[in-house]
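What follows is one structure encoded as structure tokens, with my remarks underneath.
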Amino acid sequence: MASIHLDNVVKRYGAFVGVKEMNLQIADEEFLVLLGPSGCGKTTTMRMIAGLEEPSEGDIRIASEVVNGLDARDRDVAMVFQGYALYPNMSIYENIRFPLRMRGVPKNQQDALIRRAADMVELGDFLDRKPAALSGGQRQRAALARAVVRQPQVFLMDEPLSNLDAKLRASMRVQIKHLQRKLRITTVYVTHDQIEAMTLADRIVVMSRGEIQQVGTPDEIYSDPANTFVAGFIGSPPMNLIEGQVHSGRFIAPGIDIAAPGHMHGNVTLGFRPEDCGIAPDGQAGLTGTVYGIEPTGDSTFLTILAGDKQVEVKAPRDFRAPLDSCASIALDPARLYFFDSATGQRMRSTQ
Amino acid sequence: MAGRTTRGESLWLRYMVLGSWALVCLVPMLWFLSIGLRPRTEIITPQPVYWPTFSLDAWHALWSDWPIGAYLRNSVLAVAGSVVIDLILAIPAAYSLTRYEYRGREDIGFYILSTRMMAPAIVAIPIFFLFRNLGLLDSVWALMLVYAAINLSVVTWILRSYMMDIPKELEDAARTDGASDLRILWEIIIPVTLPGIITAAVIAAIFAINEFLFTLLIASTANAYTMSVALANFTGGSDGIIYNAIALVSFLAFLPIFILVVLIQKNLSRGLTMGAVKG
Ligand SMILES: Nc1ncnc2c1ncn2[C@@H]1O[C@H](COP(=O)(O)OP(=O)(O)OP(=O)(O)O)[C@@H](O)[C@H]1O
Ligand SMILES: [Mg+2]
């Protein structure tokens, strides 16, 4: 039973601010995913929760107890490190056993736990090897096994699947989710993989430059982005963002002239997802441009349209083909348009 | 020479070069051995000797005329003891200098190294009085302490350089797994730095076995005479310079280090490069 609270947590390295004024409540048994570009402070946040790094300001509470100043080994957390951090002098078996030994798990229970964890990551045949004799993906799985071998209050996983092939990654993902649900352990998980974030998370935290941009369920993050950063970060390909002007109820940019909600005017950024638009049948196009590129991916075809000097991604049916530089008319779904203040990047919500 | 490949040739060349170098290094020791095992008249004759005569006479004489057993015992005890003391002190010291952050850490590190820069003669007299007041003159224990003191800085610095190469994440992992500092030191740092520990121990042993000045100061009888000081005894006295004895004792002093280095040679070479290169 462990909720995690970050209250105004700041981490400074000299003059550089790694994490800014972070406020985050993680519920008991929640699966929280941290998402953001490289260097945005994900690992730093995790290390502060683990007790490996002291916050420069603010409080961290685990199970409503303030843990500032509490040593990592006195916080009941298990962590998968971005760099694996396997003990090179020990076999994989001993590596996985280490936390059990340190936490005083009775000897006669250890073996079964170790084998179960190793089997979960499909490393049962490699238990006698030293880490140096494993591949990168095998080492990563060993690190994962070492973290899940016992039942801590909190799991912290820093890109635990980044080095695995697609198939293994998909199966590990299911395993992790299943384990987390079964053991009901509060989990903080870092990934760069959006599919991983979407499928695993109860809630996603999108971070940029040490600041939280938005916290929400995968659906909220995807369909209700708070600002241009989140909109442009989530989705593959991400949301199209086009800067233009709103004058008397019309949003105008090169190739686009569509209705905008009444209360807006001035510099506005329009956003729409590639999957929320389509090829326009006749004269009802919202956006016109020329075909710049065409990428069949199997189940659909991605078109790159050049509207003015701006590239726009559009998802078209799988058998759609068009010659380069031919004219393209795109229909935009008026219910799925997003408007952002160009100056601040913040979402402008329609008030009707 | 049609059957010979370039690869074979270069291998052959490599063995030639390495073999010659090994010979250059080892010939003095073999020469010493041959001096030790030949009659005195044959050693000091200016004429070249083409058919040397070997005998164990000098060897037997050495053991019957001198307490060589005691010298040997003193050397081994003092050297081994000093290395053990060094490791017990230097391992935690080096760990602290690499991992804990406290004010003046770098200064302390440099101070430790600077003790090595001092000319030994400066402290010779104070050390003599120190041990006299302690009642430790002419004892192996005093030698042990002095050798340990001389080498402590070098051992600490070698270990520190090894420990700095251990990724911090490793200790972070151990700490989150629930290990205390002592546990981390014992179960992770020491095993991972083992090549460095061996390297440092061998280097300290070599320095200690060669130590002369302080040994001469402290030792006055076979109670504390070591091999290196015993050598000095063979140059004076009524018998003149006893070349056989000098050669044999030198060889005896060289042999254990030689065997030690051969035994751990794999660790030593890996250790020396591992300290220099990250990863
Ligand atoms: N010990 C440190 N000293 C100074 N700056 C640091 C230190 N640790 C991290 N930083 C800085 O803090 C910022 C956040 O680092 P962090 O490791 O949390 O990024 P991240 O989000 O985990 O990135 P990645 O996805 O690449 O792992 C980075 O700009 C980094 O350079
Ligand atoms: Mg990171």
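Summing Lys, Arg as +1 and Asp, Glu as -1, what charge do residues with Cβ under 11 Å from the Cβ of A:GLN151 carry, A:GLN151 excluded? The partial results should precede the final answer.
On the way: positive: A:ARG103, A:ARG150, A:LYS182, A:ARG184; negative: A:ASP76.
Residues close to A:GLN151 contribute a combined charge of +3.
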| field | In sequence order, calculated HN-Hα J values of the range A:169-178 (Karplus, 6.51, -1.76, 1.60; Hz; x Gly/Pro) | value | 4, 5, 6, 5, 4, 4, 4, 5, 4, 4
| remark: Quick calc, the range A:147-239, dipole around Cα centre from Cβ unit charges on Lys, Arg (+) and Asp, Glu (-), nearest 20 debye, gives 500
| note | With all protein chains present and a 1.4 Å probe, the order of A:HIS247, A:HIS5, A:HIS265 from largest accessible area down is A:HIS265, A:HIS247, A:HIS5
| query | Considering the dipole of the range A:1-158 built from charges on the beta carbon (Lys and Arg +1, Asp and Glu -1) around the Cα centre, which of A:PRO88, A:PHE155, A:ALA63 is farthest to its positive end? | reply | A:PRO88
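Skip the ligands, DNA and RNA, and give the accessible area per residue of the protein assembly as shown with a 1.4 Å probe, whole Å².
Numbers: 31450 Å² over 631 residues.
Each residue of the protein assembly as shown exposes 50 Å² on average to a 1.4 Å probe.
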| field | Estimated buried accessible area (total), pair A and B, 1.4 Å, Å² to nearest 100 | value | 1700
| field | Under 9 Å, Cβ to Cβ, from B:ILE150 - net charge with Lys/Arg +1 and Asp/Glu -1 | value | 0
| query | Quick one: how many Å² of A:ARG12 are accessible to a 1.4 Å probe, rounded to 10? | reply | 100
| query | Shape of chain B from its Cα gyration tensor (a ≥ b ≥ c, root eigenvalues): rounded if a/c is under 1.5, otherwise prolate when a/b > b/c, or oblate? | reply | oblate
| message | Explain nothing, just the number: relative contact order of the range B:2-155, from Cα pairs under 8 Å at least 6 residues apart, as a whole percent. | response | 25
| said: Using protein chains only and a probe of 1.4 angstrom, how many square angstrom of A:MET90 are accessible, to the nearest 10? | reply: 20
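Summing Lys, Arg as +1 and Asp, Glu as -1, what charge do residues with Cβ under 13 Å from the Cβ of A:THR43 carry, A:THR43 excluded? Mind showing how you got there, number by number?
On the way: positive: A:LYS11, A:LYS42, A:ARG47, B:LYS168; negative: A:GLU53, A:ASP158, A:GLU159, B:GLU169, B:ASP172.
Within the 13 Å Cβ shell, the charges total -1.
How large is the dipole of the protein assembly as shown about the Cα centre if only Lys and Arg carry +1 and Asp and Glu carry -1, each at its Cβ, rounded to the nearest 20 debye?
1420
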| Karplus-derived HN-Hα couplings along the range A:294-307 (A = 6.51, B = -1.76, C = 1.60, θ = phi - 60°), whole Hz, x at Gly and Pro | 9, 10, x, 10, x, 8, 6, 10, 9, 9, 9, 10, 9, 10
| task | At 1.4 Å probe size, with no ligands or nucleic acids counted, give the accessible surface of A:ARG250 in Å², nearest ten. | result | 100
| Proximal lysines to A:LYS11, defined as alpha-carbon separation beneath 23 angstrom and excluding residues fewer than eight positions away on the same chain | A:LYS20, A:LYS42, B:LYS168
| message | Name the residue from A:ASN8, A:GLY286, A:VAL121 whose Cα lies farthest towards the positive end of the charge dipole of the protein assembly as shown, charges +1 on Cβ of Lys and Arg and -1 on Cβ of Asp and Glu. | response | A:VAL121
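With an 8 Å Cα cut-off and a minimum separation of 6 or more residues, compute the relative contact order for the range A:112-267 in percent. Each step should come with its number before you reach the end.
Numbers: 167 pairs, mean separation 18.6, N = 156.
Reported relative contact order: 12 percent.
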| field | Inter-centroid distance (Cα atoms) of the range B:197-255 relative to the range A:169-199, Å | value | 67
| said: Using only Cα atoms and rounding to the nearest 10 degrees, what angle (0 to 90) does helix A:136-148 make with the longest principal axis of chain A? | reply: 70
| query | For chain B, what are the DSSP H helices with axial Cα length of 27 Å or more and mean Kyte-Doolittle hydropathy of at least 0.0? | reply | B:6-36, B:68-99, B:140-164, B:243-263
| remark: To the nearest 10 degrees, the tilt of helix A:107-120 (Cα long axis) against the first principal axis of the alpha carbons of chain A is 30
| message | Give me the percent relative contact order of chain B, please, defined on Cα pairs under 8 angstrom at least 6 residues apart. | response | 27
| request: Report in % the part of the accessible area of chain B that belongs to carbon and sulfur, leaving out ligands and nucleic acids; probe 1.4 Å. | output: 71
| remark: Here, chymotrypsin sites (Phe, Trp or Tyr not before Pro) of the range B:26-66 satisfying both criteria (DSSP loop; at most 15 other Cβ within 10 Å) are B:TYR50, B:PHE54
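The values are calculated or read from the model by the stated rules, or taken from the named source; none is laboratory data. All values reported here derive from a predicted model rather than from experimental measurement. Quick reminder, even Gly has a Cβ in these numbers, built from the backbone with ideal geometry, and neighbours come from all protein chains shown. The accessibility values were calculated without ligands, DNA or RNA, using every heavy atom of the protein model including side chains. Shrake-Rupley method; radii C 1.70, N 1.55, O 1.52, S 1.80 Å.
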